[in-house]
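Just so it is clear, none of the values below were taken in a lab; they were calculated from the coordinates. Model, not experiment: these values are computed from the prediction. All Cβ positions, even for glycine, are placed from backbone atoms using ideal geometry, and neighbour counts span all protein chains on display.
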Amino acid sequence: MKHKLVKQWEILKVEGNAIKRLKKNCPRCGPGTYMAEHKDRYFCGTCHMTEWKKKE
Ligand SMILES: [Zn+2]
């Protein structure tokens, strides 16, 4: 499980800032399943999970 997470982050680093903003992997479905971005949250069409955006 730990290994999987590391791999996800490696992909984000390789793809760069653009994809980091546009595409977010669903933490439940794993890499390859992307979440739809809304104004204040992300929504996964596969498992219907909602992840609220965090303010940094
Ligand atoms: Zn999902």
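Could you check the simple spin-label distance between Glu51 and Thr33, using points 7 Å along Cα→Cβ, in nm with one decimal?
1.2 nm
Using amide H atoms built 1.01 Å from N in the peptide plane, name the residues 5+ places from Tyr42, or on other chains, whose amide H lies under 5 Å from its own.
Those qualifying (amide H under 5 Å, at least 5 residues apart or on another chain) are Glu51, Trp52, Lys53.
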